[in-house]
Amino acid sequence: IDYLSQGVDLSGIEVIENDLLFIARARLEVESQAKRLLEQGVETQNPTQVGTALQVFYNLGTLKDTIANVVDGYCTVLEENIKSALDIKVLTQPSQTATRGGPGRAAMPTPGNTAAFRAALWTNMEKLMDQICAACGQVQHLQKVLTKKRDPVSHVCFIEEILKDGQSDILYKFWMSVTETLSSQFQSATDSSMFLKQAFEGEYPKLLRLYNDLWKRLQQYSQNIQRNFSTSGTTDLFAELQQMEEDTQDIFMQKSQDYDPEKALKDSLQQYEAAYLSKSLSRLFDPINLVFPPGGRNPPSSDELDSIIKTIASELNVAAVDPDLSLAVAKNVAKTIQLYGVKSEQLLSTQGDASQVIGPLTEGQRRNVAVVNSLYKLHQSVLKVITNQSSFPAAAEQTVTTALKAVHDLMGSAVQPLLNSVGDSIEAIIITMHQEDFSGSLSSSGKPDVPCSLYMKELQGFIARVMSDYFRHFECFDFVFDNTEAMAQRAIELFIRNASLIRPLGEGGKMRLAADFAQMELAVAPLCRRVSDLGKSYRQLRSFRPLLFQTSEHIASSPALGEVIPFSIILQFLFTRAPPELKSPFQRAEWSIARYSQWLDDHPSEKDRLALIRGALEAYVQSVRTRDGKEFAPVYPIMVQLLQKAMSTLQ
C-alpha cells in the first residue's frame, strides 16, 4: 500500500478516503503494538519478541529510525539518572519534604550532616551504576538480535540495514554517549559543588571500585549473552541465528585499535585521581617532615617510625582496589622512602671521628649507628608491608623494592668509613709479622715457645674490641655480618699473602707460623657467623698450613694447587726455600713488602702476578750465568715446572 501511494497525490478521491484513513490508523496501531513488543522483549531479554518486533519495523521500512530513537531514549534516561544522582539539592535535604531555601541560597550539607550527605551520595552512585549496567544490557541484547536476525524473504541481515550509511554500531554509539555524559555531568556537578568535589577526591578509591565493578559486570554480561545466544536453538528465529558465525564480539569483550571502552569510562575520573594522589603524597610526606625538624640531630624514635609505616600500609591498602591505582600509590611510597633516606643522610657524621677505631664510640659514631638502625627498621617494616599486600601488582612491588635497595645502599655507605678504618688497621697489624723473627731452629722440646706470635695476639685483641665497641650497637646483624665477613676474608687473604713472604723461615719459625694459622681462625671468628662460612678463604687457610712442613716436590704435586690456593702464592712461598741469590719479586724490584702488597691488590689477575715471578726467576738465571755458576738451586727447577703448569692452566 505504501509502495502504491508513493509519489501520487490521492487526496480528494472520495471512494478511497475512508480506506486511506483506515490504513493510516492501522499503521499506527501496528507500530505501537510493535513498539510495545520491542520494549517488553528488550526488558525481559526475550530474543523472540525482539526479533518479531524488529521484523515488523523492517517491513514498515522504519527499522533504522526506530532503533535510533530507542537508543537515544536510553541515553536521555541515563543523562537524567546521572543528573539526579549528583543533584546536590536532593542530596543535602534531610527529607524530601524539606522547606525550599530562599532564592540564591547555596545547597550545602549542614554542619555535622556531612556523613549523612556522603552516605546518600554513595547510595546514589551505586544505584547509578546499576542503571548504567541495565541500560547497557538492553542495548547489547538489541544489538545481538540485530546481528543475528535476517529477513526471511530478502535474507538481508538487520544490522547491515542499520550500518549501511557508514553508521557505527549501536552499542559503540551508545557507550560513547554514556561516557561523554558521565564526564561532562561529573565535571559540571563537582565544579559547582565543593562538597561533591571533596567527596570524589577524598574517597576516590571507592568511586574507582564502583567503576571497576561496573566494568566487570558489563564484561560478564557480554560473555553470558554470547553463551545464551549460541546454546539455545529452539525457535525459528534461533535457527536463523545459528547460521550467523560466532565472531561478533562486542566492545566490552575486546579493545579495538583506536578505541578503548574501559579507558573511555575511566576518563571521567582522571581529575579526581590526580587530586587523590597529590593528597596521598602529602599524607605520606607529612609525618616524615614532622620527625626530621630543621636542625634536628637525631633519627626518629621507634613510635615515630611506626606511625610512618602505618601511613604507608594504610595508603597501599586503600589503593588495592585497582592495579593502576596501586602502582601510582606505590610510586608515592617510593618517593616517601627516598625522602626518608635523604633526611637520614643529612644526619650522618662524615668527619674524622666517624671512622676512628682507637677510643670508645664518639658522638658522631653513636649518631651514625642510630641512623643505620633507623634505616634498617624502615627497610624491614616496608618489606613486611609489601609482603602482606594481597594481589600486589609486580610493577608496584618492583617500584618499592628499588627504593628499598637505595636505603640498603645508604646503610652501606654510612658504615663504609668505619669498615675502611678497621680494614686498614687489620692490614697494618698483619704486616708487622715481618718485624718478628721466624728464622730460629726447633727448640729441644720440639714445641714452639709461645702459643702464637705477638702480632697475632694484637690482631685477636683488636678484632674482639672493634666488634664489642662499635659493631655490637647495630641492630641489623645480618647486614653487619655481610660487611664484616668480607673483612674477615680480606684479613685471611692478607695473612696468607704475608705468611708466604716470610724469609728466612727456620724449622722453629714454621712451628710458630703453623700455630698462627690455627690462631687466625680464632682471630676472625668474631667477624663472622661461622668461620666455615667464609668459603674459599677458609679453605685456603686450612690447606696452606700443612704445606709449611712438606718438601718442595710434595708441594708442587699438592691437589690444592690452583684449585684452592693460587699458583702465584705457592711460587711466592717457594722463594723462602731458595738461597738469597734467588730474590723474591719484591726484593728484585727493591720494593717494601707493603708496596708489593699494594701492587698485588692493584693486579688481581694471576697472569700479571706470574709474569712478575717469571721476571724474578729469569733474573736469577742471569745472575748464575754471570758468575759462571755450575748449577741452580734445587728448588729452581721445581719452581720453573710449577710456573709452566700455572701458565698452561691460564691458556
Report summary line: So the angle from the long Cα axis of helix 302-319 to the longest Cα principal axis of the chain, reported in degrees to the nearest 10, equals 40
Report summary line: Of 645, 148, 377, 405, ordered by accessible area with the largest first and a 1.4 Å probe, the sequence is 405, 645, 377, 148
Report summary line: Between residue 645 and residue 472, the two model label points (7 Å from Cα along the beta-carbon direction) sit apart by a distance in nm of 4.8
Query raised in the report: Residue separation times 0.36 nm, minus the C-alpha to C-alpha distance between residue 618 and residue 220: what's the value?
Result: 134.8 nm
Query - Rounded tilt (10° steps) of 477-499 against the dominant C-alpha axis of the chain - result: 30
**Report entry** Cross-link partners of residue 457 among aspartates and glutamates (Cα-Cα below 19 Å; sequence separation of 8 or more within a chain)
**Finding:** 424, 427, 436, 437, 449, 469, 493, 516, 521
Requested in this report: Using the Karplus curve 6.51 cos²θ - 1.76 cosθ + 1.60 with θ = phi - 60°, work out ³J(HN,Hα) for each residue of the stretch 579-588 in order, rounded to whole Hz, and write x for Gly and Pro.
Outcome: x, x, 4, 8, 7, 4, x, 6, 5, 5
Query - Ranking by accessible area, most exposed first, for 331, 206, 310 with a 1.4 Å probe - result: 310, 331, 206
Report summary line: Taking only the Cα positions of the chain, the convex hull volume per residue in Å³ is 287
Query raised in the report: How big is the charge dipole of the stretch 273-407 about its Cα centre, in debye rounded to the nearest 20, if each Lys and Arg gets +1 on its Cβ and each Asp and Glu gets -1 on its Cβ?
Result: 200
Query raised in the report: Simple spin-label model, 7 Å along Cα-to-Cβ: residue 155 to residue 123 in nm?
Result: 5.8
Report task. For residue 472, tell me the accessible area in Å² from a 1.4 Å probe, rounded to the nearest 10. Result -> 150
Query raised in the report: So, with +1 on the Cβ of K and R and -1 on the Cβ of D and E, and no other charges, what is the size of the charge dipole of the stretch 578-650 about its Cα centre, to the nearest 20 debye?
Result: 160
Report summary line: Reduced to Cα centres, the span from the stretch 122-140 to the stretch 357-425 in Å works out to 51
Requested in this report: Enumerate the calculated ³J(HN,Hα) couplings along the stretch 529-542 in order (Karplus 6.51 cos²θ - 1.76 cosθ + 1.60, θ = phi - 60°), each rounded to whole Hz, writing x wherever the residue is Gly or Pro.
Outcome: 5, 9, 4, 5, 5, 6, x, 4, 4, 5, 5, 5, 4, 5
Requested in this report: Using a 1.4 angstrom probe on heavy atoms only, work out the carbon and sulfur share of the accessible area of the stretch 583-651 in %.
Outcome: 50
Report summary line: Put 129, 647 in order of accessible area, largest first, probe 1.4 Å, and you get 647, 129
Query raised in the report: What are the lysines whose alpha-carbon lies under 23 Å from the alpha-carbon of residue 89, with same-chain residues fewer than 8 places away excluded?
Result: 127, 197, 206
Query - the chain - charge dipole about Cα centre, Lys and Arg +1 at Cβ, Asp and Glu -1, debye rounded to 20 - result: 3160
Report summary line: What one gets for the stretch 273-407 as the Kirkwood radius, inverse of mean 1/r over different Cα pairs in Å, is 15.7
Query - Cα pair distances exceeding 22 angstrom across the stretch 578-650, given as percent - result: 27
Requested in this report: Take residue 627, project a point 7 Å from its Cα along the Cβ direction, then tell me which residues of the stretch 572-589 have their backbone nitrogen under 16 Å from it.
Outcome: 578-584, 588
Report summary line: Flagged as over-length at 26 Å C-alpha distance, from 64/144; 384/405; 173/279; 335/377; 164/263; 343/384, the pairs are 173/279; 164/263
**Report entry** Cβ-derived FRET efficiency at R0 60 Å, residue 366 paired with residue 324, nearest 0.05
**Finding:** 0.85
Query raised in the report: When the Karplus curve 6.51 cos²θ - 1.76 cosθ + 1.60 is applied with θ = phi - 60°, which whole-Hz ³J(HN,Hα) does each residue of the stretch 589-597 get, with x for Gly and Pro?
Result: 7, 6, 9, 6, 5, 4, 5, 5, 4
**Report entry** In degrees, nearest ten, helix 323-347 long axis to first principal axis of the chain (Cα)
**Finding:** 40
Query raised in the report: Rounded to a whole number, what % of the accessible area of the stretch 384-513 do carbon and sulfur atoms account for, probe 1.4 Å?
Result: 54
Query raised in the report: So for the stretch 578-650, taking the charge dipole from beta-carbon charges (+1 Lys/Arg, -1 Asp/Glu), which of 650, 596, 579 sits furthest toward the positive end?
Result: 579
Requested in this report: Keeping all protein chains in place, calculate the accessible area per residue for the chain (probe 1.4 angstrom), answer in Å².
Outcome: 51
Requested in this report: Indicate the gyration tensor shape class of the stretch 537-614 (rounded, prolate or oblate), computed on the Cα atoms with a ≥ b ≥ c the square roots of the eigenvalues: a/c under 1.5 is rounded; otherwise a/b larger than b/c is prolate and the rest oblate.
Outcome: oblate
Report task. Please name whichever of 411, 439, 453 sits farthest to the positive end of the charge dipole of the chain, dipole taken about the Cα centre and charges placed at Cβ: Lys and Arg +1, Asp and Glu -1. Result -> 439
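The values are calculated or read from the model by the stated rules, or taken from the named source; none is laboratory data. Computed from a prediction, not measured in an experiment: that's the story for all the values here. FYI the Cβ positions are ideal-geometry reconstructions off the backbone, even for glycines, and counts take in every protein chain you see. Only protein heavy atoms, including side chains, enter the accessible area calculation; ligands, DNA and RNA are left aside. Shrake-Rupley method; radii C 1.70, N 1.55, O 1.52, S 1.80 Å.
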